[in-house]
1. Cα gyration tensor of the chain, axes a ≥ b ≥ c as square roots of the eigenvalues: rounded (a/c below 1.5), prolate (a/b > b/c) or oblate?
2. What does the charge count around Ser238 come to, taking other residues whose C-beta lies under 15 Å from its C-beta (Lys +1, Arg +1, Asp -1, Glu -1)?
3. Can you say what percent of the DSSP beta bridges in the chain, counting only those with both residues inside, are antiparallel? Round to 5.
4. Can you list which of the trypsin sites (Lys or Arg not before Pro) found in region 251-352 are DSSP loop residues with at most 14 other C-beta atoms within 10 Å?
5. Relative contact order, percent, of region 158-307 when contacts are C-alpha pairs under 8 Å separated by at least 6 residues?
6. Take Gln77 and Arg37, extend 7 Å from each Cα along the Cα→Cβ direction, and tell me the distance between the two endpoints in nm.
7. Report the full-extension gain for the segment Ala54 to Asp273: residue separation times 0.36 nm, less the Cα-Cα distance, to one decimal in nm.
8. Please report, to one decimal in angstroms, the Kirkwood hydrodynamic radius of region 161-301 built from all distinct Cα-Cα pairs.
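Values in this text are rule-based calculations from the coordinates and carry no lab data. If you're wondering where the values come from, they're calculated on a predicted model, not measured in any experiment. Cβ coordinates were reconstructed from backbone atoms using ideal geometry, including for glycine residues, and neighbour counts include every protein chain displayed.
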Amino acid sequence: MGSSTTGNVAPNNTVWLCRPDRRPDPCRSSRAATAVRADGTTKVESAPASHAAAVDCFYVYPTVSEEKRRNADLRVQPAQTHVAMAQASRFSSVCRVWAPMYRQRTVSNLFDVADVAPDSVANLTAFHSVESAWLDYLAHHNHGRPVVFIGHSQGAAMLVRLLRADVDPRPNVRAKVALAILLGANVTVHDGRLAGGSFTHLPLCTRRGEAGCVIAYSSFPATPPSFSLFGRAGLGVSALSGETTDGSTHVACVNPAGFGRGREPLHPYFPSDDVDSRVSTPWTSDPDDYTAQCRSADGATWLQVSPVRHPADGRPELTTLLGPIWGYHVIDVNVALGDLVRDAGATVAQLP
């Protein structure tokens, strides 16, 4: 996947989308929410108190750039600002969020066959851009704090590369990992184990509050198709993270709502502007509307998200916006955002 720049002098010229000493900061927007019940009644939830001083989050956003080139530039644009608010801002109650701009592969480039190979120029350009930002953060801004890594889709794939190259093999850096939330990136583990595959040392999480472990999944309403981009080792998004498989690994699934094998209720949060213009708060939550359970079948592993429909339930149902091969990929984060923030908070609370 190309050599790491870990041994080089860390730069100090990152363009930051989010950083805790900047205003405005899309990762510190209001967290006030309205819970919409099945019977149509609502309840405003006040923003949770922040306990973020001692821990940082390092967030890498998914594919959003619509620039007409192979790799995006580093201009902060509305697409990056919106997705940072939608995916990362609620974590600011438990950590100080740092989010670099990076030279991601653009929407138009993702299906360019010339750049499919894991070590293509486009993939390595994106990765080294994230790696440079991490080295800058580590050298100049971390100051010994534990880190929660958060990424989705291409962002998670770049974090898989980063953790594999610059964190997992280095005990002193690996010790900083409070938690890694890597969604929609086909993180893999060896069959029958909690590690191996993507990472040698970082295991999957088995309980809420555990530190130094990984939460990973791709969400679907049913078994992913055989040609799905997610949930199947070595296919689709795996090229972004440089993942290959010899048949002894499977895609990881950790249920953020319960960490066990059973079906658990999800706690989704969506920006109100995206789902319900009648709600006056920035966020909308649909409690008791969906459950999640890790499933494996037909060579795939995924987080099965299922509706719990109540009589006269008028809330909109989730849809696979981009078709069956994508499943619920677009909303991997938001469909379980309340659970993910709670998981991160539980880990932070257990740190020494």
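1. rounded
2. Neighbourhood net charge equals 0.
3. Values: 24 of 49 bridges.
In the chain, DSSP labels about 50 percent of beta bridges as antiparallel.
4. Arg261, Arg278, Arg309
5. Values: 310 pairs, mean separation 33.5, N = 150.
Worked out over region 158-307, it gives 22 percent.
6. Modelled inter-label distance: 4.4 nm.
7. Computed gain between Ala54 and Asp273 is 75.7 nm.
8. 16.4
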